[in-house]
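K.L.:
One structure is given below, represented as structure tokens, and several questions about it will come after.
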Amino acid sequence: MADGRNQRIHYQTKEGKLMKLYHGSLEIVKEPQIRLANRTLDYGMGFYTTTSQEQAELWVKRKIGERNEKGIVNIYEFDLSSAEKLNVLRFTEPTEEWLDFIVACRRGIPHKYDIVEGPMADDTIYNYLQNYLDGKISRSAFWELVKFKYPTHQISFHTVSALDTLEFAG
């Protein structure tokens, strides 16, 4: 259900405009790749980044868990002008269309977008989402629970063309 808050967009930028993005990992990732995940993700199989260094640090902590390993926050420059040529879907906030998209992706249904940007279903929201998917709560109950949560932000890259807009910066 489109409500005007979610947009199929092309980034409108001046030539050479860059956005700093972060990716939490257990290793340095100089050349991002789209790898088959061992679980379904919000926006499907892709390379996930965020505009928040703090969020990337949380991703590192989650990946480390109880292991005695170190993680790293990789930094990238995202070439917004190059992304103008790509098929981009942006969700500005959680909406009905966002929920339907995440449900489809988590069920393994592929999409046609190069880049998807929007809210992340964090652990709490993910639990509500799973309860909805399992039929334990209604759609309206899902929205009632979610309205008090503040999801974080993510930008996922789903094609080689999309990955080409990223340059490793450290």
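The values are calculated or read from the model by the stated rules, or taken from the named source; none is laboratory data. Here the structure is a predicted model, which means the values were calculated and not measured. Cβ: placed from backbone, ideal geometry, glycine included. Neighbour counts: every protein chain shown. The protein model used for the area step is the full one, side chains on, heavy atoms only, and it has no ligands, DNA or RNA in it. Shrake-Rupley method; radii C 1.70, N 1.55, O 1.52, S 1.80 Å.
K.L.:
Here are some residues: Glu117, Glu31, Glu57. Which one is of a type in the set (Asp, Glu), touching a strand residue (DSSP E or B) at 6+ places or on another chain (Cβ under 9 Å), at pLDDT 90 or above and not in a loop (DSSP other than H, G, I, E, B)?
P.N.:
On the way: Glu31 fails: not in a loop (DSSP other than H, G, I, E, B); Glu57 fails: at pLDDT 90 or above.
After ruling out the rest, the residue left standing is Glu117.
K.L.:
Filter segment 120-170 for residues that are in a loop (DSSP other than H, G, I, E, B) and among the acidic types (Asp, Glu); which is modelled with the highest pLDDT?
P.N.:
The qualifying residue modelled with the highest pLDDT is Asp164.
K.L.:
Name the residues in segment 98-139 that are of a type in the set (D, E, K, R) and open to solvent by less than 50 Å² (accessible area, probe 1.4 Å), would you?
P.N.:
Of everything in segment 98-139, those that are of a type in the set (D, E, K, R) and open to solvent by less than 50 Å² (accessible area, probe 1.4 Å) turn out to be Arg106, Asp114, Glu117, Asp122.
K.L.:
Could I ask something else about it? Just for segment 20-57: of the residues that are touching a residue at least 60 places away in the same chain (Cβ under 8 Å) and of a type in the set (A, V, I, L, M), which one is farthest from Asp164 (Cα to Cα)?
P.N.:
Leu41
K.L.:
For segment 72-92, state whether one or more residues are assigned to a helix (DSSP H, G or I) and free of Cβ contacts under 8 Å to residues at least 40 places away in the same chain.
P.N.:
No: zero hits.
K.L.:
Continuing with this model, one more query. Which numbered condition trips up Phe168, out of (1) closer than 17 Å to Leu21 by Cβ; (2) crowded, with 18+ Cβ neighbours inside 10 Å; (3) in contact (Cβ under 8 Å) with a residue 60 or more places away in the chain?
P.N.:
Of the numbered conditions (1) closer than 17 Å to Leu21 by Cβ; (2) crowded, with 18+ Cβ neighbours inside 10 Å; (3) in contact (Cβ under 8 Å) with a residue 60 or more places away in the chain, the odd one out for Phe168 is (2).
K.L.:
Let me ask something additional. Pairs, please: C-beta under 8 Å, at least 6 apart or cross-chain, first residue of a type in the set (Lys, Arg) and in segment 109-129, second open to solvent by 50 Å² or more (accessible area, probe 1.4 Å) and not in a helix (DSSP H, G or I)?
P.N.:
Lys112/Asn87
K.L.:
I'd like the full set of residues that are open to solvent by less than 10 Å² (accessible area, probe 1.4 Å) and at pLDDT 90 or above, limited to segment 81-97.
P.N.:
Passing the criteria: Val88, Leu89, Phe91.
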